[in-house]
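Remarks on the structure that follows.
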Amino acid sequence: MAAKLKLSPLIAFLLLAGMAGMSRAGNIAVYWGQNGDEGTLADACNSGLYAYVIVAFLSTFGNGQTPVLNLAGHSSAGISSDIQTCQSQNIKVLLSLGGGSGGYGLSSTDDARSVADYLWNNFLGGSSSSRPLGDAVLDGIDFDIETGNSAHYDELATFLSQYSSQGKKVILSAAPQCPYPDASLGPALNTGLFDNVWVQFYNNPPCQYASGDASNLLSAWSTWTSSVTAGSIYLGLPASPDAAGSGYIPPSDLTSAVLPGVKGASNYGGIMLWSRYYDVQNNYSGQVKDSV
């Protein structure tokens with residue numbers, strides 16, 4: 001029998017503290033696709049800053065409409081190979097549904113099933129002659145539903161999750177507003193099917209950071225992390241003062257006053273940034289990455 005390794009109490013403590021610190025280390029997720037000056041999808045992934053890049057947005061879907069992918073100033077040419085470049089670096093690429101404007105919504109269970117089938121065949125592991133981003137298979141679907149109408153998104157999440165049984169897991173994420181529960185995504189989040197939930201702590205004064213005061217944010221964070229069943233909860237932030245109407249947290253404030261209060265949650269996942277364009281302008285993630 002091998003001799004047991006004995007550690008001094010101090011060394012044992014330091015090892016445990018180090019392991020605990022590693023367990024709380026977070027990732028950065030970023031939205032890409034809404035500004036033609038932000039660089040390519042491959043540029044975003046090659047920066048080494050992100051674990052998730054969320055392609056935004058499928059801004060029209062449901063209610064029998066022909067789905068519309070709105071990538072602002074970007075061409076879809078070459079995105080398929082960019083997606084594969086990202087995935088070769090173990091970066092997950094998701095497609096975001098919705099956004100702050102657009103004509104979308106679900107009218108029935110059958111409508112939800114139809115949209116799920118469309119997403120599977122055109123962006124995920126299915127097949128279609130009209131795949132907007134080419135043959136690359138995205139890693140999952142993000143729900144950025146901001147219309148206020150929550151009907152049938154729980155069913156859409158359920159139908160999408162069922163495709164995971166056909167091979168590659170379909171990652172599900174969501175971007176609710178920080179007032180809890182979210183008006184648009186509350187029922188969907190209650191399914192417990194979401195892997196990552198990046199809560200938008202901006203453009204929502206009652207639950208965001210303001211003028212050096214993190215108390216409202218930390219209170220809302222505690223509610224989200226204790227109330228929602230999900231793989232990980234992320235702190236959603238604007239990457240520059242211009243990225244949102246309110247809620248910007250200077251990098252030094254984030255690392256000193258906010259992150260210490262959120263990283264204690266067992267389901268802390270990291271931060272989400274809106275968006276890649278503003279992150280390029282402000283180098284926000286570069287300034288905070290080592291503290292996330």
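Values as computed for the structure displayed
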read-out: Test result for D279, open to solvent by 60 Å² or more (accessible area, probe 1.4 Å) and either within 27 Å of F57 (Cα to Cα) or modelled with pLDDT of 95 or more (or both); value: no
read-out: Pairs with Cβ under 9 Å, 6+ apart, first in region 88-113 and on the phi > 0 side of the Ramachandran plot and open to solvent by 60 Å² or more (accessible area, probe 1.4 Å), second aliphatic (A, V, I, L, M) and part of a loop (DSSP other than H, G, I, E, B); value: N90/A51
read-out: All positions within region 244-258 that are touching a Leu at 6+ places or on another chain (Cβ under 8 Å) and of a type in the set (A, V, I, L, M); value: I249, L254, V258
read-out: Cβ-Cβ under 8 Å pairs, at least 6 apart or on other chains, region 41-58 side under 24 Å from A25 (Cα atoms) and at pLDDT 95 or above, far side part of a helix (DSSP H, G or I) and open to solvent by 10 Å² or more (accessible area, probe 1.4 Å); value: A44/R276; C45/D82; C45/T85; N46/T85; L49/G286; L49/K289; V53/R276
read-out: Matching entry among A243, A257, A183, A230 (being within 23 Å of G36 (Cα to Cα) and either touching a Ser or Thr at 6+ places or on another chain (Cβ under 6 Å) or not aromatic (F, W, Y) (or both)); value: A243
read-out: Matching option when the condition is surrounded by fewer than 21 Cβ atoms within 10 Å (Cβ to Cβ) and in contact (Cβ under 8 Å) with a residue 40 or more places away in the chain, among S256, S246, S252; value: S246
read-out: Some residue of region 222-238 being assigned to a loop (DSSP other than H, G, I, E, B), more than 21 Å from A188 (Cβ to Cβ) and under 18 Å from the mean Cα position of the chain (by Cα); value: no
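Here is a yes/no grid of residues against (1) touching a residue at least 60 places away in the same chain (Cβ under 8 Å); (2) open to solvent by less than 20 Å² (accessible area, probe 1.4 Å); (3) in a loop (DSSP other than H, G, I, E, B):
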position: C86; (1), (2), (3): no, yes, no
position: A116; (1), (2), (3): no, yes, no
position: L124; (1), (2), (3): no, yes, yes
position: L138; (1), (2), (3): yes, yes, yes
position: L160; (1), (2), (3): no, yes, no
position: Y163; (1), (2), (3): no, no, no
position: L172; (1), (2), (3): no, yes, no
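The values are calculated or read from the model by the stated rules, or taken from the named source; none is laboratory data. Quantities reported herein were computed from a predicted structural model and do not represent experimental measurements. Here Cβ is always computed from backbone atoms with ideal geometry, including for glycine, and neighbour counts include all displayed protein chains. Just so you know, the surface numbers come from the protein's heavy atoms only, side chains and all, with ligands and any DNA or RNA stripped out. Shrake-Rupley method; radii C 1.70, N 1.55, O 1.52, S 1.80 Å.
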